[in-house]
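Asks: Here it is, the structure in full.
The values are calculated or read from the model by the stated rules, or taken from the named source; none is laboratory data. Keep in mind that what you see is a predicted model, and the values were worked out from it rather than measured. Glycine gets a Cβ as well: all are built from the backbone with ideal geometry, and neighbour counts include every protein chain shown.
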Amino acid sequence: MDTASPSGVAWLLLTFTLPANRASQRVEVWRKLQRYGSVALGNSGYLLPNNPVNEERFQWLATSIRKYGGDASIVHVQGIDNISTPQLIGRFAEARAREYQVLIRHLQKFSEIPQPKRALGHLSRLRSRFQEIVDVDFFSSPLQKRVAELLTNADAVRLRTKTSERPGIDLREYKKRVWVTRPRPGVDRCASAWLIRRFIDSKARFAFAPENQVPKKSVPFDMFHESGFGHRGDDCTFETLQKEFKVRDRKVKVISEIIHDADLADNKFGRKEGYGVDEILKGWARQRVPDQELLNRGMQLIEGLYLAQS
């Protein structure tokens, strides 16, 4: 999110018209303007802070409007004579505050539901909505922190409730081991290797082998193999490792949800960040990047995702 300082904000103003018979397209444009976080400036058009992301959004929207037979213009504005910069910022702050307040009410209702009856998908949708608002919270509403705390608390309750009571495995048995997986690693295997190296054994080595040629004394992961660690129930391999080795790190929990959604494509957690990682890995695979290099690059991407979590 690009944040402009109140003392020197430049603006983008989108003005447009659409033919009267384009009612459905008018609704489509309006919804996009809402999603972009724009504020209506009377009958003059829609305003956004001037930054590259917002300009690109307005450019694409203007192109669509013209395609629908309408007219559209994007105006770069330094100031408006009858509305001060603080007043304009206030309009954006009010719009985001209303959206955060709706989310707070939903989260408060969610917290009143008995834990066994709470739907995980509901919390995921609330989290996704929060991220959508944050992306257009150009002037950092104080309510953003409040919603983030409510989401963190909801996650903490879920983690305490879902924690397995099974005894943990002996971590010493998995030190200085060779971990084996299938060739051409994807998002789940790269993330799993990252988890192993960062939280289980910093000196872990990785190798690749077909299903029927797993070396003795190695640890298979994400393989269709009778031993080792792979998908279990609804969990991807990363989630299995996280649970088996009892990795409690809060940011790892976020990564596990990202990897689950990218690997299983079931939108269980409403996390979209992993899809880009998956596509990048597929692109490198098509370039015939060697397996070990592909794994290393994937682990670096996951490390970046981990460090990006607040």
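Asks: Which of the residues belonging to the range 167-190 are in contact with an Asp or Glu (Cβ under 9 Å, 6 or more places away or on another chain) and modelled with pLDDT under 90?
Replies: Gly168, Ile169, Leu171
Asks: Separate question: When you go through (1) without any contact (Cβ under 8 Å) to a residue 12 or more places away in the chain; (2) in contact with a Phe, Trp or Tyr (Cβ under 6 Å, 6 or more places away or on another chain) one by one for Ala20, which number turns out not to apply?
Replies: The number of the failed condition is (2).
Asks: Also, I was wondering about something else. If Ile113 satisfies all but one of (1) over 23 Å from the mean Cα position of the chain (by Cα); (2) closer than 20 Å to Leu33 by Cβ; (3) among the aliphatic types (A, V, I, L, M); (4) assigned by TED's automatic domain parsing to the domain that holds Asp137, what's the number of the condition it fails?
Replies: Status for Ile113: all satisfied but (2).
Asks: Given the conditions (1) in a helix (DSSP H, G or I); (2) surrounded by fewer than 12 Cβ atoms within 10 Å (Cβ to Cβ); (3) of a type outside the set (D, E, K, R), which single one is not true for Phe238?
Replies: (2) is the only condition that Phe238 fails.
Asks: Could you please give the count of residues in the range 33-70 that are of a type outside the set (Phe, Trp, Tyr) and either outside any helix (DSSP H, G or I) or buried (at least 17 other Cβ atoms within 10 Å of the Cβ) (or both)?
Replies: 22
Asks: Inspect all residues belonging to the range 78-88 and state whether any of them is modelled with pLDDT of 85 or more, in a helix (DSSP H, G or I) and surrounded by 15 or more Cβ atoms within 10 Å (Cβ to Cβ).
Replies: Yes, some residue in the range 78-88 is modelled with pLDDT of 85 or more, in a helix (DSSP H, G or I) and surrounded by 15 or more Cβ atoms within 10 Å (Cβ to Cβ).
Asks: Could you grab me the full set of residues in the range 25-47 that are within 24 Å of the chain's Cα centre (by Cα), under 12 Å from Phe92 (Cα atoms) and not small (Gly, Ala, Ser)?
Replies: If the condition is that a residue be within 24 Å of the chain's Cα centre (by Cα), under 12 Å from Phe92 (Cα atoms) and not small (Gly, Ala, Ser), then Gln34, Tyr36 are the ones that fit.
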